[in-house]
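Okay, so here's the structure we're looking at.
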Amino acid sequence: MILQYAVVLCLICCTWGYHNNRPIIGVLAQETDSESKHYGDTFIPAAYFKYVEMAGARAVPIFVKKGQAYYDHIFSSINGVLFPGGGVNILTSEYAKAAQILYRSAIKANQNGDYFPLWGTCLGFQLLTALATGKDLMTEFDAENLMLPLNFSDGYKDSRLYGNLPDDVFHYLSKENVTTNYHHYGITPTDFQFSVDLTKYFRILSTNVDRNGKEFVSTIEGVYK
Ligand SMILES: *[C@@H]1O[C@H](CO)[C@@H](O)[C@H](O)[C@H]1NC(C)=O
Ligand SMILES: *[C@@H]1O[C@H](CO)[C@@H](O)[C@H](O)[C@H]1NC(C)=O
């Protein structure tokens with residue numbers, strides 16, 4: 001009996017006053033291609049959930065093909081969004097449509113002083129350029145399965161992403177073949193600079209060259225306006 005009380009008391013103590021300040025990051029789903037349809041209509045690569053969790057945050061899925069009310073509700077329940085890599089169209093897919101709603105909400109939130117970060121990796125990175133411009137500015141590159149060091153751009157030290165890099169991490173990123181490229185599309189620095197809509201929202205933090213020596217933008221960061 002005493003043990004039972006002790007257990008109940010302990011449960012109350014443990015749940016009472018238990019605070020969890022770990023951010024909640026929404027990870028956007030995308031449509032499966034025809035080869036994977038038998039697994040379901042949509043998916044999220046599991047590595048992106050692990051990536052968020054490795055950093056101490058909590059990850060939740062954001063589904064596609066939902067209405068405005070769903071996205072409003074989820075947006076007000078999370079602290080940031082990750083757009084994962086994949087293989088769908090960055091203008092016309094359900095992934096792109098859902099992202100557009102989240103992107104607009106994030107801009108509005110940030111303008112109102114509510115810090116709300118968006119992160120895009122791989123296709124998610126390409127998507128961000130399409131969300132800002134309404135255009136697909138990608139061209140073809142030979143950069144599948146290619147490990148490269150980053151070529152940091154002028155001013156990277158003033159960025160939020162790389163400004164506080166410890167010396168050893170800077171060394172690995174700038175000298176060793178530690179960044180993974182798995183893409184056959186990309187944006188050239190020239191296409192980037194000449195797209196007024198892009199330079200208004202993002203600046204280049206690093207570039208790289210593909211197997212044919214063609215230069216592509218490899219990291220960008222949003223600029224505060
Ligand atoms: C790094 O980028 C600069 C600016 O685009 C370029 O001049 C330089 O050749 C690049 N270096 C490498 C190793 O790609
Ligand atoms: C990086 O990989 C390239 C070949 O892709 C190689 O030539 C170069 O030596 C490597 N650099 C380092 C620091 O390992």
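The numbers here are math on the coordinates, done by the rules we state, and not lab data. Predicted model, so just to flag it, every value in this text is computed and none were measured. Cβ sites come from the backbone with ideal geometry, for glycine too, and all protein chains shown count toward neighbours.
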Report task. Please say if the chain is rounded, prolate or oblate, where rounded means a/c under 1.5 for a ≥ b ≥ c the square roots of the C-alpha gyration tensor eigenvalues, and otherwise the choice is prolate for a/b larger than b/c and oblate otherwise? Result -> prolate
Query - Greater than 28 Å apart at Cα, pairs in LYS135/LYS214; LYS37/LYS66; LYS65/LYS108; LYS65/LYS157; LYS66/LYS214 - result: LYS65/LYS157; LYS66/LYS214
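Antiparallel versus total DSSP beta bridges in the chain: what percent is that, nearest 5? Provide the component values of the computation, followed by the final result.
Numbers: 18 of 29 bridges.
Percentage antiparallel, nearest 5: 60.
Quick check on region 137-203: take the gyration tensor over C-alpha atoms, sort the square-rooted eigenvalues as a ≥ b ≥ c, and tell me if it's rounded (a/c under 1.5), prolate or oblate.
Values: a/c = 3.01, a/b = 1.17, b/c = 2.57.
The shape class here is oblate.
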Report task. Compare the Cα positions of TYR70, THR180, ILE44 along the charge dipole of the chain (+1 at Cβ of Lys, Arg; -1 at Cβ of Asp, Glu; about the Cα centre) and return the one farthest towards the positive end. Result -> TYR70
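Compute the relative contact order of region 116-225 as a whole-number percentage, counting only Cα pairs closer than 8 Å that sit 6 or more residues apart in sequence. Let's see the in-between values first.
Values: 168 pairs, mean separation 33.3, N = 110.
30 percent.
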Query raised in the report: How would you rank 111-123, 94-106, highest first, on the average number of other Cβ atoms within 10 Å across their residues?
Result: 94-106, 111-123
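Mind sorting ILE78, ILE25 by how few other Cβ atoms lie within 10 Å of their own Cβ, fewest first?
Exposure proxy ranking, most exposed first: ILE78, ILE25.
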Query - Separation of alpha-carbon centers, region 80-132 and region 197-225, rounded to whole Å - result: 16 Å
**Report entry** Principal axes of region 41-112: Cα extent on each, largest first, Å
**Finding:** 29, 28, 18
Query raised in the report: For the chain, modelled as a Gaussian network with Cα springs under 10 Å, which listed residue fluctuates most, MET147, MET138, MET54?
Result: MET54
Report summary line: With +1 on the Cβ of every Lys and Arg and -1 on the Cβ of every Asp and Glu, the dipole magnitude of the chain about its Cα centre, in debye rounded to the nearest 20, is 720 debye
